[in-house]
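Engineer: After the structure tokens below, expect a handful of questions from me.
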Amino acid sequence: MFRTNKAHPWHGVSIGENAPAEVTVFVEIVPRDTVKYEVDKETGYLKIDRPQQYSNVVPANYGFVPQTYCDERVANLARKSGKEVRSGDGDPLDILVLSEHHIPRGDIILKAVPIGGFCLIDDGEADDKIIAILKGDKVFEQYKEIGELPKGILERFEHYFLTYKNLPDEPSVCEIAFSYGCEQSFEVIQAAMADYSDLAAKLK
């Protein structure tokens, strides 16, 4: 359908009819970026969040799942870790997408297949990170579970999320409570979809 206005990538793009087994992803950052971009919630355009201060760069294509929201249901899943979790982080659900192919920039939509994730707690807020494979990627499609990935890839992901907000002489505010496989990633995505439905109902 012809449109004269750009759909908001969070609200105006479908998560996909096969979610949670296959989801739409809006890519904000790719590994070659030296600036951290994120979607401006009001306009839907990419904005500069901050220049990357150090050598720590995103290890795969990074973005979010449209029509998801990390609120009470996502927080309840994180609380199963026994950690103190105040709430969800109030953002759409984050996702890292592995592919052998070079994606030149963010502001791109793709289809991805979740294989697991990390229950990240960021200063007391649930901030899950889903790990996925680009749909149709012939190198990475062999991996159906996060535990099947090479150890070095998982260590790179963990290091990134534990340090990406670090500032000099300040303690880290992020911790990975636990990692999980494909089935639990579906549970997290469904919880984030339900949290989004609640949000949408409040905004009507």
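Engineer: Would you confirm whether or not segment 31-45 contains a residue that is modelled with pLDDT of 95 or more, of a type in the set (Val, Ile, Thr), surrounded by fewer than 18 Cβ atoms within 10 Å (Cβ to Cβ) and part of a loop (DSSP other than H, G, I, E, B)?
Structural biologist: So far as segment 31-45 goes, no, none of its residues is modelled with pLDDT of 95 or more, of a type in the set (Val, Ile, Thr), surrounded by fewer than 18 Cβ atoms within 10 Å (Cβ to Cβ) and part of a loop (DSSP other than H, G, I, E, B).
Engineer: Quick test of your reading of the structure: Cys119 fulfils all but one of (1) buried (at least 21 other Cβ atoms within 10 Å of the Cβ); (2) without any contact (Cβ under 8 Å) to a residue 12 or more places away in the chain. Name the failing condition by number.
Structural biologist: In the conditions (1) buried (at least 21 other Cβ atoms within 10 Å of the Cβ); (2) without any contact (Cβ under 8 Å) to a residue 12 or more places away in the chain, Cys119 misses (2) alone.
Engineer: Those residues that are under 14 Å from Gly116 (Cα atoms), of a type outside the set (A, V, I, L, M) and touching a Gly at 6+ places or on another chain (Cβ under 9 Å), I need them from segment 184-204; list them, please.
Structural biologist: Residues satisfying the conditions are Gln184, Ser185.
Engineer: Would you check if Glu175 is among the charged types (D, E, K, R) and in a strand (DSSP E or B)?
Structural biologist: So Glu175 fits the description; yes.
Engineer: Something else about it: State whether one or more residues within segment 67-81 are within 19 Å of Ser197 (Cβ to Cβ) and either free of Cβ contacts under 8 Å to residues at least 60 places away in the same chain or surrounded by fewer than 12 Cβ atoms within 10 Å (Cβ to Cβ) (or both).
Structural biologist: Scanning segment 67-81, I find at least one residue that is within 19 Å of Ser197 (Cβ to Cβ) and either free of Cβ contacts under 8 Å to residues at least 60 places away in the same chain or surrounded by fewer than 12 Cβ atoms within 10 Å (Cβ to Cβ) (or both), so the answer is yes.
The values are calculated or read from the model by the stated rules, or taken from the named source; none is laboratory data. Keep in mind it's a predicted model, so treat the numbers as computed, not measured. A quick note on method: Cβ atoms are made from the backbone with ideal geometry, for glycine too, and the neighbour counts reach across all protein chains shown.
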